[in-house]
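Single-structure report; data block below.
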Amino acid sequence: MSLSGKPCPEIRIEGENCPRAVVEWYQCSASKDQRHDFDLSLKAKKHLVSLGWIFSYCDKKTRWELRYKSPSGKTYISLRTACKACIEEEKKDSSSSSSNSLQGSQQSQSQSLPAASPSSDQQPTSSKVTGGRPRRRKKPSDDEDWTLSSHQVSNLVSPRSSSRGGGGGGGGRRRDSGEIPNAARKVRRERSSSDNGNLPAFRNPRTILSWLIDNNVVAQEAWVFCCGGKDNEFVKRGKLLRSGIVCHCCESLLTLSQFEVHAGCNGQPPSASIFLEQDKRSLLDCQKQALMMIEANNNGDNDHHHENDSICSICLKGGFILLCDRCPASFHAECIGLDHVPPGDWFCPSCSCRICNRPKCREDSSREESHLANNFIACFQCQRRFHLGCLASRGFAFLNMETDCNKLWFCNEACQKIFFTLNNMLGKPILVGDGNLTWTLLTSIKKSTNDNDDNGSITEMESKLNVALGVIHECFEPIIDPVFGRDIAADIMFSRYSWLPRMNFTGFYTVILERNDEVISVANTRIYGQKVAEVPLVATRDQYRNQGMCRILMGQLQKLLVKLGVERLLLPAAPYLIETWTNSFGFAKMTHSDQYYYVGYPLANFPDTTLCHKSLKQPLMLYEV
């Protein structure tokens, strides 16, 4: 008998071959409104049973939860993750059975897989944590020791090569002994070789063309042509390389935009008017194909938002931790400035109103107006949460949760200005210095908006973000979350959402420095209104270090932040880079009292890094190449 007072439910599901139901349920369960079809879920379960899956119930004290065990013995906590595992297993089987088939047929098989919705689209519709009220204290077992040796730290948070030129401040960590599930194994790639051919990895240019070649969407040295004019006639012909297009008429190596200008075309973007001779696909269509392939293979599940975190959100270590009674976040009492465990329900800073600092502004929740007053609304830019009742007491009009919470809402004019200024800059290269250098602001646009990508600007931006992610992966060891095994760099790059505050990376922008379409340096930033901004990852390619590229990128970013009125910039620095950031870039180590001030902001943090800060109120030095 369960503690919930009800016996374990009986499972009676007969097997039936319905592979399409598994795919359709996986796509349906990722939808934002979460309105699922019961018949479809039943068909998906029948197909899993026909494949040898075993279903069982788990006692969660307040209710029974269904668990799904695969034929290989792995257990999944939701039907969505079980369906995803089933799809991936079928994909492996089909790829192994067709290993001798042509490359074109392999690509078509990849495209036939369901496109997984980004986890940023999987926002919860309720603030109630599943699984009942969590325990107040939690002590990890002996195998949950999060302390790493200095050798492990250097492998997980340091760039692969020389730190000169100012690499990023982030890193990753795995659990000891490999005994804990989802612990990711760190693999060091050698600089002397490349995943593609004999070209050294550090000499491989990071461009959209090289990204398309590496993803086997286009072939190196493929012939392309540009169409333009009134009748869209053939104009110029060229050969496609990783670094650009070699024009057939003059043998000049040109970027996509230069080739388009050379041909006298005016496509927007240039890749829309450049086509492959072999199958007449435009390079813009090739980018869309590559994005679909990546999305279909994306491990973007966000089911961990139903679980309570087992490490502190501040220091990322285990021990005696407080569990928030509203969200899955966990904290050490000392990390958030508490000297004792508070009695009764406790809510973390992210779940408290930034005006009254309480989970409720009116205790009489039985009255309808009090219930509405206790509802939260979050600023779209700074992500701070406010009670509707507290806002009304400050002069705000009483907001309607059903209408206003689905719109862009800003807590002040400064946040509104920051948001629209940044979005007006997206995807527009800005010249800086000499040598054809440009810097560009990017962010991942949600899939619901991508349907209206008429001119290809969103596709271009998503492609650039994938190229920038390649730079991060080239410069750093894999940055893997120790609990959920997720690629933190990818989550930050694509601004992915999570119900767990420390894993919620919505609102991130990426700044890239380019020369002739080649990405040289990358930085990720998130701006919390005018109070503070963070830069958790900064990376410069090895061959461009000691040339001032990181200084140029950071200088342009700081000028933008000053223009927006941001007061302070935060950065997590790896131990051996602290001196570089403090002496060369003007940062200073943060004290414990300084860190308490920013506890309410869900800052991206990494194990064994030191949080540094810099005031942006003082005049900025001009960075030269």
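Less than 12 Å Cβ to Cβ from TYR528, Lys/Arg counted +1 and Asp/Glu -1: what total charge do the surrounding residues give? For residues surrounding TYR528, the net value is +3. Across all Cα atoms of region 208-297, the radius of gyration (one decimal) and Dmax (whole number) stand at 12.5, 41 Å. Remark: region 208-297 carries 47 Å² of accessible area per residue (probe radius 1.4 Å; ligands, DNA and RNA excluded). Across region 45-50, rounded Karplus estimates of 3J(HN,Hα) from the backbone phi angles (6.51 cos²θ - 1.76 cosθ + 1.60, θ = phi - 60°) give 5, 4, 5, 4, 4, 5 Hz, Gly and Pro being marked x. Other residues whose C-beta falls under 9 angstrom from the C-beta of CYS411 contribute a net charge of +2, scoring Lys and Arg +1 and Asp and Glu -1.
The values are calculated or read from the model by the stated rules, or taken from the named source; none is laboratory data. Computed from a predicted model, the values in this text were never measured in an experiment. FYI the Cβ positions are ideal-geometry reconstructions off the backbone, even for glycines, and counts take in every protein chain you see. Ligands, DNA and RNA are stripped out before the accessible areas are found, and what is left, the full protein with its side chains, is counted by its heavy atoms. Shrake-Rupley method; radii C 1.70, N 1.55, O 1.52, S 1.80 Å.
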